[in-house]
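Bear in mind these aren't lab numbers, they're just calculated from the coordinates by the rules spelled out. All of these numbers come straight from a predicted model, not from anything done at the bench. Every residue, glycine as well, gets a Cβ built from its backbone with ideal geometry; the counts of neighbours run over all protein chains shown.
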Amino acid sequence: MRTPLLVAHSLSKTFPPASRKEPPAAVLHGVSLSVAPGEMVSIVGPSGSGKSTLLYCLAGLESPTSGTVTLGGRDLASLSRSQLAALRREQLGFVFQRFNLITSLSAWENVALPARLSRRRVSSTGIDGALASVGLADHARKRPGQLSGGQQQRVAIARVLAQHPALVFADEPTGSLDTANGAEVLCLLREAASAGTAVVMVTHDLEAAALADRVLVLRDGSIHTEMHSPTPDAVLAAVRSAGSGNTSGTTSAGSEKSAGTLPAAGSAVAP
């Protein structure tokens with residue numbers, strides 16, 4: 001059994017009330033999970049189930065109210081702000097729905113930017129290789145405005161791959177893309193996992209979720225169901241079960257209780 005790279009234990013997160021008349025918002029409730037090197041894990045669930053909050057806590061972008069997150073054996077809560085920033089810079093990669101590219105820089109310069117900001121030597125060979133790996137070797141000198149949305153997201157992924165992170169967090173990485181470009185982006189994330197990089201992805205796309213080795217279905221801030229190598233229809237059934245409040249459970253090989261007539265594979269649920 002592989003030693004986990006990321007371990008979360010009993011994570012809870014409560015946000016303060018927006019006004020005195022409102023109660024605190026409890027978003028996560030005792031979530032525990034682990035992710036191994038080279039493993040791809042998808043997080044899905046009904047709207048408001050805590051998916052993005054969980055991802056941000058796992059990545060050290062939000063501090064949990066209680067519980068622990070360890071990455072490579074290091075407790076994130078024990079790190080100073082500068083140590084946490086260095087860990088994210090050196091070991092983590094982030095892919096978001098928004099591409100977050102600098103519009104005045106070329107694709108090549110955007111991919112090289114993290115190394116320059118951290119004052120590390122920029123490897124031209126590494127940058128070229130990262131762009132080639134996402135099929136953009138011929139677009140290296142183009143600026144984001146000269147690229148399609150799918151190409152811009154691939155630049156964002158190349159920027160991550162060029163840093164050789166141990167773990168990539170992806171929050172709705174295909175949310176702004178059409179079906180064809182979304183499929184290309186998902187293939188790149190799947191290939192990264194196959195090459196040894198752990199991937200944790202929040203998505204509302206059921207076909208995207210089903211590409212993962214494991215799928216975690218959240219309900220009201222807790223893990224409702226854990227699935228291993230499921231089909232899109234099985235993921236949909238689990239999400240429907242979570243939305244209806246059925247009893248939680250763990251399934252394997254994509255098995256799940258019937259949830260009635262299912263839409264076609266690839267249907268989406270609310271983020």
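Can you work out the Karplus-derived ³J(HN,Hα) for every residue in segment 224-241? Use 6.51 cos²θ - 1.76 cosθ + 1.60 with θ = phi - 60°, whole Hz, and x for glycine or proline.
With coefficients 6.51, -1.76 and 1.60, one gets 7, 8, 10, 10, 10, 6, x, 8, x, 5, 5, 5, 4, 4, 5, 5, 5, 4 Hz.
List every residue whose amide H lies under 5 Å from the amide H of Met201, counting only residues 5 or more places away in sequence or on a different chain, with H placed 1.01 Å from N in the peptide plane.
Counting only residues 5 or more places away or on other chains, the set is Val41, Ser42, Ile43, Ala170.
I want the antiparallel fraction of DSSP beta bridges within the chain, as a percent rounded to 5.
50 percent
For the chain, what's the relative contact order in percent, using C-alpha pairs closer than 8 Å and at least 6 residues apart?
That works out to 24 percent.
Identify which of Val122, Val215, Val239 has the largest mean-square fluctuation in a Gaussian network model of the chain, with springs joining Cα atoms closer than 10 Å.
Among Val122, Val215, Val239, the largest GNM mean-square fluctuation belongs to Val122.
Among Gly149, Leu136, Asn181, which residue has its Cα furthest toward the positive end of the charge dipole of segment 119-187, with +1 on Lys/Arg Cβ and -1 on Asp/Glu Cβ?
Leu136
Using a 7 Å offset from the Cα along the Cα-to-Cβ direction at both Arg81 and Gln146, what is the distance between the two label points in nm, to one decimal?
3.9 nm
Round to the nearest 10 and give me the degree value, 0 to 90, for the angle of helix 179-194's Cα axis relative to the longest principal axis of the chain.
With both axes taken from Cα atoms, the answer is about 90 degrees.
Mind checking the dipole of segment 6-250: about its Cα centre, +1 per Lys or Arg Cβ, -1 per Asp or Glu Cβ, Debye to the nearest 20?
So the dipole magnitude of segment 6-250 works out to roughly 940 debye.
How do Lys51, Lys13 line up, fewest other C-beta atoms within 10 Å first?
Lys13, Lys51
Pop a pseudo-label 7 angstrom from the Cα along the beta-carbon direction at both His164 and Arg121 and give the gap in nm to one decimal.
So the label points at His164 and Arg121 sit 1.2 nm apart.
Kindly rank 5-11, 16-22, 202-208 from highest to lowest mean number of other beta carbons found within 10 Å of each residue.
So the order, starting with the most tightly packed, is 202-208, 5-11, 16-22.
Note the count of lysine pairs whose C-alpha atoms are less than 27 angstrom apart in the chain, limited to pairs 8 or more residues apart or on different chains.
Step by step, the pairs that qualify in the chain add up to 4.
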